[in-house]
Structures are given as C-alpha cells and as structure tokens.
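Here is the structure we will look at, set down as structure tokens.
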Amino acid sequence: MSRLRRVLKLQDLKVRDLRLGQAGLDPQQSILMIDSRVAKLPMVKTWMKAFPFRRVLRAGEELKSLQSFQREVEYWQSHWGARLHRHFCIIAIGGGSVGDFAGFVASVYWRGLRLVHVPSTWLAALDSAHGGKTALNVLGAKNQIGSFYPAEKVILVRELLEAQPAERAVEARGELLKMALLDGQSWSRRVRTALINGEADANLWQGLIWRCLPQVIDAKLRVVRRDPREENGQRQILNLGHTWGHVLESCLGWPHGRCVELGLHFVDEFFTSDFCADAHRRSSRLLPTLSSSVKKRARVDRGSALERLARDKKRSDAGHVVLIQPLAWGKVRRVRVELQALLDFAAAEGWLK
Ligand SMILES: NC(=O)c1ccc[n+]([C@@H]2O[C@H](COP(=O)([O-])OP(=O)(O)OC[C@H]3O[C@@H](n4cnc5c(N)ncnc54)[C@H](O)[C@@H]3O)[C@@H](O)[C@H]2O)c1
Ligand SMILES: [Zn+2]
C-alpha cells in the first residue's frame, strides 16, 4: 500500500540534488504528468522547471481515452526514447482524471513504472489517489479499461489543494460524509459537529477535510486491504451513496462528490421509507438537511435513470441493484433491491421528474 506524506507547501517537497546528497524526488529519473491548470499556479511554475521530462495535460474525461494513451506513449518514445529507463518514476500531479490516466500509463508502460500521486483536487486527495484503481473510458462509457496499481507514495500538498476555489471543498464533501458513515471513528463525530455548526461555510470544509484526510484515507485503505482487487465483495461498501450518485452524475453532469452526497440522502430516504420492507429501517442521522429546492433540481427522468442503473457494472444482476445501507456508525450491510422498486420509490419521493 502507498505511503502517505503531508506537506504544507510544494517547496517542502525537496527535489533531489545529487551533489548535495539531498533526498527527495529525482527530476532526472521522473516523468512529471501535471494538470494544465495546476501547472499555471505561480508556486508550481518555478518548481516544475527542475523536471526535464514533463507533460502538461488537460484534465477531464477526454484525457482518459485510448487515443490520448497512444498520443502519450508515442510522445515519450519519439521525444525521449533512449533517455528513459525502467526505473523512471511517474509523478502525477492533478485531480482524479490525471491520476487515473497517469496511473494507467504507469501500470502498463514497460510493464510497470514507479508511481507517485500528488492529488490536487479534494476528490483525488480524499478518494481517487488511494486504493490503486486506474482507468480509461471507451466510447463514452466510463472506466472500462484499467488496472489495480497503487502508487508507492501519495503526497498531499496543502497549498495545491487550497489553490482550488473554496466551494470545491463543499462539492467534494460527499466522499468525506461517506467515509465518516462507513468508519464511525472519533473523526466522524467531528464531521457531524461541523455539519451542525456551519455547513455552508466553504472555508470550514477546506480546513476540516485537510485535518481529516489521514483518517479518511486510512479508513479507505483498511477496506481496500481486505479486497485489493475487488474480488470478494468487501470493497463494495465503498460504493455507499454511489448507485443514485452515478445516475445524477451522468444525467446532470454535476460534480462527483455532490452527486454522492445526494446519493447518500437517497439511500437514507429509501431505508426509512415504506418501500424498504425490512426490520432494519432507520436513518443514518449524519447527513445535512437536504433542501427541497436542491432535491427538485436533482430530479431526472425515469428512462435515463433506468438506463444508467442497468449499465452500472457494480449491480448484482439484471433487474437488481445492491445498495449499501448504513445501520449505525461504522456498520453497514449490503441489500439487494429490485430495480423497479427502487424507481417506484424514486418516483414517489420526488427524485424523478
Ligand atoms: N481511481 C479511483 O479510485 C477514482 C475514484 C473516484 C473518482 N475517480 C475519477 O476521478 C475523476 C474526477 O476527478 P476530479 O474531480 O479530481 O476531476 P478532474 O481531474 O477532472 O479535475 C477537475 C478540474 O479541477 C482542475 N484542477 C485540478 N487541480 C486544481 C487546483 N489545485 N486548482 C484549481 N483547479 C484544479 C482541473 O484542471 C479540472 O478542470 C473522474 O474521472 C473519476 O472517474 C477515480
Ligand atoms: Zn466516489
């Protein structure tokens, strides 16, 4: 599993100077793959000049394609060819799209190059940089090709994360809430207090996410360690809030974390409704209040929702989905639910147009 390091400033990430015997990243033996927005940040511009092998990449789903994979490796071969060798390390600086792409390239180029992630979005810092999943999209379908390839190191740099507009932290907090529900340790209670005291304050969320990151990551890795290659179903619990979250993401195009937060509300409502014919009906009692206007704007049509749910590769079989139900802090269970029943619930409770 990856080692975790936290620094306040990019300058704290020492670049190795062989003459001075200084430890750190070695620019002569690294390929820097960096998000184009991040590369423009003043503190990054000077820092990255030390790296002769660097690629500035435009973030987004287009990057995670076979075409850009081919472009990438052809560029390496034609421009750097013989200067590269097997012990090169890819340093991926960016959000989840750059991380997924660079991770995939690292996992297959010469059957595996060293990999370091420096996540620059809250979503990547909370989630995508950890656990080893890499991915490319095919014909608009997300994450169809990929590998399990954990980075040897993940470095969190506070000033990079805080260079994002503060609202990004509120958008990403769905993943924080998810892990707080799954883990239920003392840090989860801090999240709950924050929700009660000042849920709209973006700066508060930035600070809180930064402080909770080590615990959130540790909680995710404890799940991943039990099922590193998604073989025995244990890792499935990380999908909490994602079934409906993915429907919203693909139908509305809203940020992933925001959709996951709404997806958490969705399961919460489902498991307290009459549609859940089960003795375990109860609410998670962690979520912020969901305003009726937000819920109204998040409505999708039944056909699109059905199409997305049926396509979800994590569903148990045709006609059913597996929902993760929080039972108590740190305690969840998997529940197989009929697709039609789920959609009937969604229609009755105002999640559909
Ligand atoms: N591998 C996994 O386990 C995993 C888990 C969840 C999501 N993902 C993937 O992650 C991707 C989404 O990641 P994301 O939300 O980080 O989006 P992203 O990588 O597309 O970045 C979002 C935007 O933020 C900008 N940006 C990045 N860092 C910035 C900074 N410090 N300051 C200002 N702007 C910055 C980018 O240029 C981009 O415009 C999706 O492709 C999703 O499939 C992967
Ligand atoms: Zn997620």
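Where a number appears in this text, it was derived from the coordinates with a stated rule and is not lab data. What you see is a predicted model; the values in this text were computed from it and never measured. All Cβ positions, glycine included, derive from the backbone under ideal geometry; neighbour counts span all protein chains shown.
A few remarks follow.
- Counting only aspartates and glutamates at least 8 places from Lys9 when in the same chain, those with an alpha carbon closer than 17 Å to its own are Glu159, Glu162.
- Nearest 10 degrees, 0 to 90: helix 302-311 Cα axis against the chain principal axis: 50 degrees
- With kT/(6 pi eta Rh) evaluated at 20 °C and eta = 1.002 mPa s, and Rh the Kirkwood radius from Cα pairs, segment 95-159 diffuses with a coefficient of 182 µm²/s according to Stokes-Einstein.
- Calculated [θ] (222 nm, deg cm²/dmol) that DSSP helices of n ≥ 4 give over the chain, each run adding -39,500 (n - 2.57): -12500 deg cm²/dmol
- The C-alpha atoms of the chain define a longest principal axis, and helix 167-183 lies at about 70 degrees to it.
- Under a 5 Å amide H cut-off, with hydrogens placed 1.01 Å from N, Glu349 pairs with nothing among residues at least 5 apart or on other chains.
- Relative contact order, percent, the chain [alpha-carbon distance under 8 Å, six or more residues apart]: 13 percent
- Potential extension, Glu349-Lys142 segment - 0.36 nm per residue separation minus Cα distance: 71.7 nm
- Note: relative contact order over segment 234-348, using C-alpha pairs below 8 Å and six or more positions apart, is 26 percent.
- Potential lengthening between Arg83 and Ser292 on full extension [0.36 nm per residue; Cα-Cα distance subtracted]: 69.4 nm
- Theoretical FRET efficiency, 1/(1+(r/R0)^6), r = Cβ-Cβ of Thr193 and Leu327, R0 22 Å, to 0.05: 0.50
- Charge tally in the Cβ shell below 12 Å around Glu152, where Lys, Arg are +1 and Asp, Glu are -1, Glu152 excluded: +4
- Measuring how big the chain is from its alpha-carbon positions, Rg and Dmax come out at 20.9, 70 Å.
- For segment 3-161, convex hull volume per residue from C-alpha positions, Å³: 105 Å³
- With all pairs of separate Cα atoms included, segment 190-306 yields a Kirkwood hydrodynamic radius of 16.2 Å.
- For segment 203-300, trypsin sites (Lys or Arg not before Pro) are listed when DSSP marks them as loop and at most 14 other Cβ atoms sit within 10 Å of their Cβ; the list is Arg229, Arg281, Arg285.
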